[in-house]
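The values are calculated or read from the model by the stated rules, or taken from the named source; none is laboratory data. All of these numbers come straight from a predicted model, not from anything done at the bench. Every residue, glycine as well, gets a Cβ built from its backbone with ideal geometry; the counts of neighbours run over all protein chains shown. We work out accessible area using only protein heavy atoms, side chains counted, and drop any ligands, DNA or RNA first. Shrake-Rupley method; radii C 1.70, N 1.55, O 1.52, S 1.80 Å.
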Amino acid sequence: QVHLVESGGGLVHAGGSLRLSCAPSGRTVSDYTMGWFRQAPGKEREFVGSINQSGRSAFHGDSVKGRFTISRANAKNTVNLQMNSLIPEDTAVYYCAASRTAYPTNKPDEYIYWGQGTRVTVSS
(Lines give C-alpha, C1' and ligand atoms only; values in the text may rest on other atoms or scores of the structure.)
Protein backbone atom coordinates (compact mmCIF):
# COMPACT_ATOMS: atom_id res chain seq x y z
CA GLN A 1 0.00 0.00 0.00
CA VAL A 2 1.22 3.48 -0.86
CA HIS A 3 0.12 6.48 1.17
CA LEU A 4 0.27 9.81 -0.59
CA VAL A 5 0.52 12.90 1.56
CA GLU A 6 -0.30 16.31 0.14
CA SER A 7 0.83 19.59 1.67
CA GLY A 8 0.90 23.28 0.83
CA GLY A 9 -2.77 24.15 0.69
CA GLY A 10 -4.23 27.21 2.33
CA LEU A 11 -5.94 30.54 1.84
CA VAL A 12 -4.67 32.97 -0.77
CA HIS A 13 -5.98 36.11 -2.44
CA ALA A 14 -6.88 36.12 -6.11
CA GLY A 15 -3.78 36.65 -8.23
CA GLY A 16 -1.56 34.95 -5.70
CA SER A 17 0.40 31.71 -5.85
CA LEU A 18 0.63 28.45 -3.95
CA ARG A 19 2.83 25.41 -4.30
CA LEU A 20 1.43 22.01 -3.45
CA SER A 21 3.62 19.02 -2.77
CA CYS A 22 2.93 15.30 -2.67
CA ALA A 23 5.14 12.65 -1.16
CA PRO A 24 4.51 8.91 -0.99
CA SER A 25 5.31 6.80 2.01
CA GLY A 26 6.64 3.35 1.50
CA ARG A 27 7.55 3.71 -2.16
CA THR A 28 9.52 6.02 -4.39
CA VAL A 29 7.61 8.53 -6.49
CA SER A 30 9.74 7.65 -9.53
CA ASP A 31 7.91 4.32 -9.78
CA TYR A 32 4.68 6.06 -10.83
CA THR A 33 3.11 8.47 -13.21
CA MET A 34 1.70 11.15 -10.90
CA GLY A 35 -1.33 13.36 -11.22
CA TRP A 36 -3.23 16.13 -9.52
CA PHE A 37 -7.01 16.37 -9.47
CA ARG A 38 -9.34 18.75 -7.70
CA GLN A 39 -12.91 18.79 -6.54
CA ALA A 40 -14.86 21.91 -5.70
CA PRO A 41 -18.00 21.82 -3.55
CA GLY A 42 -20.94 20.51 -5.53
CA LYS A 43 -18.81 19.78 -8.60
CA GLU A 44 -17.30 16.71 -10.17
CA ARG A 45 -13.65 15.83 -9.80
CA GLU A 46 -11.53 17.67 -12.35
CA PHE A 47 -8.17 16.78 -13.85
CA VAL A 48 -5.42 19.32 -13.15
CA GLY A 49 -2.15 17.82 -14.39
CA SER A 50 -0.15 14.65 -14.87
CA ILE A 51 3.53 13.82 -15.32
CA ASN A 52 5.20 10.56 -16.26
CA GLN A 53 7.88 8.76 -14.30
CA SER A 54 10.85 10.47 -15.92
CA GLY A 55 9.28 13.91 -15.88
CA ARG A 56 9.84 14.30 -19.62
CA SER A 57 6.15 14.21 -20.47
CA ALA A 58 3.37 16.17 -18.78
CA PHE A 59 0.13 17.91 -19.59
CA HIS A 60 -2.48 20.01 -17.80
CA GLY A 61 -6.21 20.49 -17.82
CA ASP A 62 -7.62 23.27 -19.99
CA SER A 63 -8.84 25.34 -17.05
CA VAL A 64 -5.36 25.63 -15.52
CA LYS A 65 -3.15 25.56 -18.61
CA GLY A 66 -0.64 28.40 -18.55
CA ARG A 67 -1.18 29.05 -14.84
CA PHE A 68 -0.36 25.74 -13.14
CA THR A 69 2.71 23.57 -13.61
CA ILE A 70 3.22 20.01 -12.44
CA SER A 71 6.79 18.90 -11.81
CA ARG A 72 8.62 16.18 -10.01
CA ALA A 73 11.81 15.95 -8.02
CA ASN A 74 12.56 12.26 -7.92
CA ALA A 75 15.71 12.83 -5.87
CA LYS A 76 13.52 14.42 -3.20
CA ASN A 77 10.74 11.88 -3.76
CA THR A 78 8.13 14.56 -4.32
CA VAL A 79 5.74 15.81 -6.96
CA ASN A 80 4.78 19.46 -6.98
CA LEU A 81 2.03 21.65 -8.38
CA GLN A 82 2.95 25.29 -8.80
CA MET A 83 -0.20 27.38 -8.99
CA ASN A 84 0.07 30.96 -10.20
CA SER A 85 -2.50 33.63 -11.01
CA LEU A 86 -5.03 31.93 -8.80
CA ILE A 87 -8.70 32.79 -9.24
CA PRO A 88 -11.67 32.06 -6.93
CA GLU A 89 -12.74 29.28 -9.30
CA ASP A 90 -9.58 27.39 -8.30
CA THR A 91 -11.02 26.90 -4.81
CA ALA A 92 -11.20 23.14 -4.23
CA VAL A 93 -9.71 20.20 -2.45
CA TYR A 94 -6.65 19.10 -4.42
CA TYR A 95 -5.73 15.43 -4.58
CA CYS A 96 -2.48 13.78 -5.53
CA ALA A 97 -2.68 10.39 -7.24
CA ALA A 98 -0.32 7.69 -8.51
CA SER A 99 -0.68 5.57 -11.64
CA ARG A 100 1.24 2.65 -13.10
CA THR A 101 0.79 3.89 -16.66
CA ALA A 102 3.96 4.79 -18.53
CA TYR A 103 2.35 7.98 -19.83
CA PRO A 104 0.64 11.01 -18.25
CA THR A 105 -3.09 10.45 -18.01
CA ASN A 106 -6.20 12.43 -17.13
CA LYS A 107 -8.33 9.33 -16.48
CA PRO A 108 -9.08 8.89 -12.77
CA ASP A 109 -9.65 5.15 -13.28
CA GLU A 110 -5.99 4.75 -14.26
CA TYR A 111 -4.81 5.97 -10.85
CA ILE A 112 -4.46 3.35 -8.15
CA TYR A 113 -3.45 5.42 -5.12
CA TRP A 114 -4.94 8.67 -3.89
CA GLY A 115 -4.05 11.09 -1.14
CA GLN A 116 -6.46 12.56 1.39
CA GLY A 117 -6.40 15.97 -0.26
CA THR A 118 -5.34 19.47 0.70
CA ARG A 119 -7.73 22.40 0.64
CA VAL A 120 -7.06 25.49 -1.42
CA THR A 121 -9.23 28.56 -0.96
CA VAL A 122 -8.86 31.60 -3.20
CA SER A 123 -10.57 34.75 -1.99
CA SER A 124 -11.72 37.49 -4.36
Give me the 1.4 Å probe accessible area per residue for the chain, excluding ligands and nucleic acids, in Å². 50
Starting from the range 1-62, pick out the GluC sites (Glu not before Pro) whose DSSP state is loop and whose Cβ has at most 15 other Cβ atoms within 10 Å. Glu44
What are the lysines whose alpha-carbon lies under 18 Å from the alpha-carbon of Lys65, with same-chain residues fewer than 8 places away excluded? Lys107
Averaging sequence separations of C-alpha pairs under 8 Å and six or more residues apart, then dividing by the length of the chain, give the relative contact order as a whole percent. 36
Calculate one ³J(HN,Hα) per residue across the range 18-25 by plugging θ = phi - 60° into the Karplus curve 6.51 cos²θ - 1.76 cosθ + 1.60, and present them in order as whole Hz with x for glycine and proline. 9, 10, 9, 10, 9, 9, x, 9
For the range 1-80, which whole-number percentage of the solvent-accessible area (1.4 Å probe, protein heavy atoms only) is attributable to carbon and sulfur atoms? 48
The range 1-96: which trypsin sites (Lys or Arg not before Pro) are DSSP loop and have at most 14 other beta-carbon atoms within 10 angstrom? Lys43, Arg45, Arg56, Lys65
12 Å beta-carbon shell around Glu6, net charge (K/R +1, D/E -1): +3
Return the sequence-ordered ³J(HN,Hα) values of the range 88-100 in whole Hz as given by the Karplus equation 6.51 cos²θ - 1.76 cosθ + 1.60 applied to θ = phi - 60°, using x for Gly and Pro. x, 5, 7, 4, 5, 8, 9, 10, 9, 9, 10, 10, 8
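Using only alpha-carbon positions, what ratio does the radius of gyration of the chain give when scaled by 2.2 N^0.38 Å?
Expressed relative to 2.2 N^0.38 Å, the Cα Rg reads 0.96.
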Rounded to the nearest 5, what is the percent of antiparallel bridges among the DSSP beta bridges in the chain? 90
Which cross-chain or sequence-distant (5 or more) residues have an amide H under 5 Å from the amide H of Gly117, H modelled 1.01 Å from N in plane? Glu6, Cys96
What is the local net charge at Tyr103, summed over the other residues whose Cβ is closer than 14 Å to its Cβ (Lys, Arg +1; Asp, Glu -1)? +2
Relative contact order for the range 40-94, counting Cα pairs under 8 Å that sit 6 or more residues apart, in percent: 28
